[in-house]
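Following: one structure in structure tokens, then a few remarks.
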Amino acid sequence: MKKTYNLIILVPDQMRADYLGCYGKKEIRTPNIDALANEGVRFENAYCAAPLCGPSRCSFATSTYVSEHNHWNYWSTISPDVPNIVTSVKKQGYKTGMFGKNHLFTYSRLDEVWDDLNEICLGNYDGHPKYTHSFSSFTLEKDHPYNITEQLTTEGIDFIERNQESPFLLWINYQDPHPAYCCPAPYDSMYDPETISLTESQTAFDRNQQPVRNETFRIHSEMDQCTEDDLKRAVAHYMGQITYVDDNIGRIVKRVNELGIRDRTIILFFSDHGEFLGDYGMVHKNPTFYDCLSRIPVILSYVGKSWQGVSYPGLVEQVDLAPTLLELLNIPIPPTMVGKSLVEGLEKGDYSGKESILCEAGGGGPTCKEPIVGYRQTAPHEPTSLGPGVMIRYKHFKLSIYADDSGELYDLNKDPFELKNLYNKEGYEKLQAEMTTRLVKRILSVKVRDTNGWDYPEYPHDVRFEPLEYCGEVLKDIRKSK
């Protein structure tokens, strides 16, 4: 008889891979996340499907690419009828609980997906009076309603305690370390801005080598007003937010250990996407594909496996995670999922990964190419930075093509900070042509799937990703009714 496992999914919002101790940032205290890596596998080169919240989460849950589910920007949600990891485990008798932001399922149908739920989406802390610029950093009052990381953790632990005798799926979507760059004491003073050393990508970038969308984003975000001290304070608070999340992850793991269920609980930790944090003179994110945005931390903690403590160097796509989890849980993988389970490779000690990865984002409006006089924004919204784009990474090369903007081509071995754009540069014509062909083939291959199993009545051909729903307006209606 196969063992039944619980599943805990922990997703901080906008956490960069290179800002964790186990990923090399030793000055940040993340002992609990590092411990998860020691108990499982840490994927060194995992990439999100989109560097924006909603599309990324849709791709993870359904194991489909952005160009399949067609949600290129923030505001769309998917029907629970679309095969996904949550309803797949729920059909097998799992209790399901989600705490934090949704940014995924149709809001009016959340009670069909989750047995226990506290949906909180704070946006960008827009209602806080200290959030005046895109780069604002400040101490968050401990009793402020925006301070929810500890609350979500407590609710998640309560869910575990109430369902420890049943198989369960707990999904916590933390707001931190999402901007604004703020956290409560003691995390607000845990890292001294004076000790922060700015990187080459924060100080030595050439704006003329980048797409136009970046410059209009910088101007609309008033980044010319962001001093070096401002940026260092933002980085210090971002680091504090990360340790705040880490401490609360430690609370969850400790309670799981105390309940004696750690050996039958799989934990997945990952981020939906990264954060500029001053790279290339920007903060937040936009539909571009630099590693600070598209490369994400992914840790799969499964105590007792042969791959415990492994560092996996190969390329991994976010769409591979749901099939991997379902196989580990001994639950059938819906044939609509296009990602490939990593279990066989892990068990064989093959950590080579995929040949290439695909990342997509944007849409919903064209790229704003001329700055609007007098317009200012504290986060990426219309009319700026929305033009669609796609990226392929093949080996150590990365090509990004934008529908209405200039392209980017980088050699990550020679240029890990992505500062020297080789697109349309003399001497790189052959490489650019080869990468363009690979990108076109990757996009086309999304439309080619194995037809085995498509006649299963449980997964009818006409189940697609409608209806679209503008979640911001729906959220307002839900909160008014409470």
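So the values come out like this:
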item	result
Inter-label distance, nm, simple model (7 Å from Cα along the C-beta direction), V303/N118	2.6
Sparse-neighbour loop sites [chymotrypsin sites (Phe, Trp or Tyr not before Pro); the stretch 357-399; at most 16 other C-beta within 10 Å; DSSP]	Y375
Among 104-116, 317-329, the order from most to least packed when residues are scored by Cβ within 10 Å on average	317-329, 104-116
Gained length - H144 relative to I443, 0.36 nm times residue gap less alpha-carbon distance	103.2 nm
Spin-label model distance (nm) - S166 vs D192, 7 Å beyond Cα toward Cβ	5.2
Option label - semi-axes √(5λ) of the Cα gyration tensor in Å computed here, alternatives (1) 41, 31, 17; (2) 32, 27, 23; (3) 39, 29, 22	(2)
Sulfur and carbon atoms: percent of accessible area, the chain [1.4 Å]	50
Loop trypsin sites (Lys or Arg not before Pro), the stretch 63-105, which have at most 14 other Cβ atoms in a 10 Å radius of their Cβ (DSSP)	K91
Amide proton proximity set for K340, modelled H, under 5 Å, gap of 5+	D320
Counted charge near P31, where neighbours are those whose Cβ lies closer than 15 Å (Asp, Glu -1; Lys, Arg +1)	+1
Computed lengthening from I261 to E27, 0.36 nm per intervening residue step minus Cα-Cα distance	81.0 nm
Residue-normalised accessible area of the stretch 256-325, expressed per residue, 1.4 Å probe, Å²	18
Charged-residue dipole, Cβ positions (Lys, Arg, Asp, Glu), the chain about Cα centre, Debye nearest 20	760
Cα-based reach from K420 at 16 Å (exclusive), listing lysines while leaving out same-chain residues under 8 positions away	K398
Ranked packing of 230-241, 179-190, most packed first, by mean Cβ within 10 Å	230-241, 179-190
In the stretch 309-377, trypsin sites (Lys or Arg not before Pro) in a DSSP loop with at most 14 other beta-carbon atoms within 10 Å	K369, R376
Sites K254 and E222, calculated FRET efficiency, Cβ-Cβ separation with R0 60 Å, nearest 0.05	0.90
Distance (nanometres) between label positions extended 7 Å along Cα→Cβ at T203 and T132	2.7
Dipole of the stretch 251-380, positive direction: furthest Cα of G278, S294, G349, with charges on the beta-carbon	G278
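The values are calculated or read from the model by the stated rules, or taken from the named source; none is laboratory data. Small disclaimer: the values here were computed from a predicted structure and weren't measured. Cβ atoms come from the backbone with ideal geometry, glycine included; neighbour counts cover every protein chain shown. Keep in mind that these areas ignore ligands, DNA and RNA; they rest on the heavy atoms of the full protein, side chains included. Shrake-Rupley method; radii C 1.70, N 1.55, O 1.52, S 1.80 Å.
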